[in-house]
Amino acid sequence: MRCSVARNHNNPERVTERHFPSIYSNEASKKQNQVRKCVVCSKRGKRRESRYYCSQCNVGLCVVPCFQIYHTKVDY
Ligand SMILES: [Zn+2]
Ligand SMILES: [Zn+2]
């Protein structure tokens, strides 16, 4: 067991790198309103879908506030 440390050395890449939200494009799939489940919301027991995702992490995220939460908290 380890106390939570406020240092950076133990952070996963998503917290230390710069990631930007991307939007799903309908053009490739021709489907309407492609969405992904937001991983932050689903971890909190909420069902929420977003058209935005992080292409580097390959996870669906709400732009606000989940994208920031996911990329700034180790234990989101
Ligand atoms: Zn979310
Ligand atoms: Zn990311």
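The values are calculated or read from the model by the stated rules, or taken from the named source; none is laboratory data. Computed from a prediction, not measured in an experiment: that's the story for all the values here. Cβ atoms come from the backbone with ideal geometry, glycine included; neighbour counts cover every protein chain shown.
Before moving on, here are some points about what is shown:
- Entry remark, the stretch 33-76: residues being among the acidic types (Asp, Glu) and touching a Cys at 6+ places or on another chain (Cβ under 7 Å) number 1 in total.
- The residue that is nearest to ligand 1 (Cβ to nearest atom), among those in the stretch 1-18 that are exposed (fewer than 10 other Cβ atoms within 10 Å of the Cβ) and modelled with pLDDT under 90, is SER4.
- Candidates in the stretch 19-64 are the residues that are within 13 Å of ligand 1 (Cβ to nearest atom), among the β-branched types (Val, Ile, Thr) and out of contact with any helix residue (DSSP H, G or I) (no Cβ under 6 Å at 6 or more places or on another chain); of these, the one that is modelled with the highest pLDDT is VAL39.
- CYS41 being more than 13 Å from ligand 2 (Cβ to nearest atom) and hydrophobic (A, V, I, L, M, F, W, C): yes
- Contacts under 9 angstrom Cβ, first residue in the stretch 51-76 being exposed (fewer than 15 other Cβ atoms within 10 Å of the Cβ), partner of a type in the set (Asp, Glu), 6 or more apart: GLN56/GLU13; GLN56/GLU17
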